[in-house]
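Structure record follows, encoded as structure tokens.
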Amino acid sequence: MADPVLLEVADYVATLTLNQPEKRNAMRPELLEDFAAKVAELKERDDARVVVVQGSGKIFCSGADFRAMTGMARDAGGMEEAVRRIYGSFLCLRDLPQPTIAKVNGHAIGGGLGLALACDLRVVSTAAKLGVNFTRLGFTPGMATTYVLPRLVGMQKAAELFFTGRIFSGEEAEKLGIANYAVAPEELDAKTDALAREIAGSAPLAVALTKQALYRACDFDADAALAFEAQCQAKTMKTKDAQEGILAM
């Protein structure tokens, strides 16, 4: 049985692949545990200078599996703790010293877009569909998206994207400042690889410290954002709208 997350390292470029295409690479318990373990491994490796995160199949990541999250809530002692555990397992990307690149080959919806936003850089396919559609499902946002997205697109545009929950294209993601590059599907691999290799060619310690300095300058506090989002999601998960949203997924 294949691992939920694959890790490969070649020429100083590490690639993390969400490897459950039959489950739309959703944030499920087995995937989040393997993802966190692979990220922890990367922290200790000196042969990886940059990390690419991608999804296998046609979807980057469809976000949290809320049905699985309900089961986790029973085991974790409540929905708030389950939300923290799920999203926190992916936000550990922020703790990596290496720069991270999201290679968004397909849909990145809800927490899936949050995973892309947890990376430092994003290269998206023009065929990809993205969105923070939490409110359409009856939830408040998660994955620290309320912290990251306004800092990329501005408060006004972030408010529009959150309130409407609309889905947008890879091309619009680039125009909004969410993506560094939006390229044709057939050019995605080459563009991402070129960017990764260019970064890998820089001095690793200098890059790691520069990354640290950038986030200090932005006063980045994903943990605080996640804690508040977890409280809000736990409340909205109990509503009729959220229950209908889960059944409609």
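Quick look at the values:
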| quantity | calculated |
| --- | --- |
| Residue list for region 195-249, restricted to those being modelled with pLDDT under 80, assigned to a helix (DSSP H, G or I) and polar (S, T, N, Q) | Gln231, Gln233, Thr236, Gln243 |
| Per-region count, region 115-150, residues in contact (Cβ under 8 Å) with a residue 24 or more places away in the chain, more than 21 Å from Thr239 (Cβ to Cβ) and not aromatic (Phe, Trp, Tyr) | 19 |
| First in region 1-22 and in a helix (DSSP H, G or I), second anywhere and basic (Lys, Arg), Cβ under 8 Å, 6 or more apart | Pro21/Lys58 |
| Filtered residues of region 33-81 (kept if at pLDDT below 75, of a type in the set (Gly, Ala, Ser) and assigned to a helix (DSSP H, G or I)) | Ala68, Gly71, Ala73, Ala76 |
| Among (1) surrounded by 18 or more Cβ atoms within 10 Å (Cβ to Cβ); (2) within 20 Å of the chain's Cα centre (by Cα) - the single one Ala159 does not satisfy | (1) |
| Some residue of region 78-92 being within 22 Å of Lys175 (Cβ to Cβ), of a type outside the set (Gly, Ala, Ser), touching a residue at least 24 places away in the same chain (Cβ under 8 Å) and in contact with a Gly (Cβ under 8 Å, 6 or more places away or on another chain) | no |
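Results for (1) exposed (fewer than 14 other Cβ atoms within 10 Å of the Cβ); (2) over 24 Å from Glu198 (Cβ atoms), shown as yes or no for each residue.
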position: Tyr12; (1), (2): no, no
position: Thr17; (1), (2): no, no
position: Glu22; (1), (2): yes, yes
position: Met27; (1), (2): no, yes
position: Glu30; (1), (2): yes, yes
position: Asp34; (1), (2): no, yes
position: Lys38; (1), (2): no, no
position: Ala48; (1), (2): no, no
position: Val51; (1), (2): no, no
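The values are calculated or read from the model by the stated rules, or taken from the named source; none is laboratory data. All figures in this text were calculated on a predicted structure; none of them were measured in a lab. Quick reminder, even Gly has a Cβ in these numbers, built from the backbone with ideal geometry, and neighbours come from all protein chains shown.
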